[in-house]
């Protein structure tokens, strides 16, 4: 008799393989999700503990990143979708170095590229920006 990977009277073959792989794949997926939560929590704690420092800089770029999450519930034919927008501001310092910061205080709409002034940064976050009129408008004339 030829074995096609399953037997109606007993488990075996394909059924056994699926019943073994499913829990392993589920545990790996769950582990990845838990690791992402832990990683984000560690990153948040590091930024929160970082000292705030005021640096003179120029805003050279702004960008957004939109995360989309959607799920479909087969039981009640419902579809749900959420999105979150992250705002980033890139600063250039007097020594020519550039660094991108996550905007955590809604500064994105208050600054424009070319603004110069004092930025209050904390780890990977920009938490304040005070525009300097003297240097912002010096190149405009």
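Listed by first and then second residue, the pairs linking a residue in region 86-109 that is farther than 9 Å from residue 125 by Cα to a residue that is part of a loop (DSSP other than H, G, I, E, B), with Cβ atoms under 6 Å apart and 6 or more places separating them unless they lie on different chains, are 87/108. Among the conditions (1) part of a strand (DSSP E or B); (2) at pLDDT 95 or above, the only one that residue 69 does not satisfy is (2).
The values are calculated or read from the model by the stated rules, or taken from the named source; none is laboratory data. Only a predicted model underlies this, so the values are computations on that prediction, with no experimental measurement involved. We place every Cβ from the backbone using ideal geometry, glycine too, and count neighbours over all the protein chains shown.
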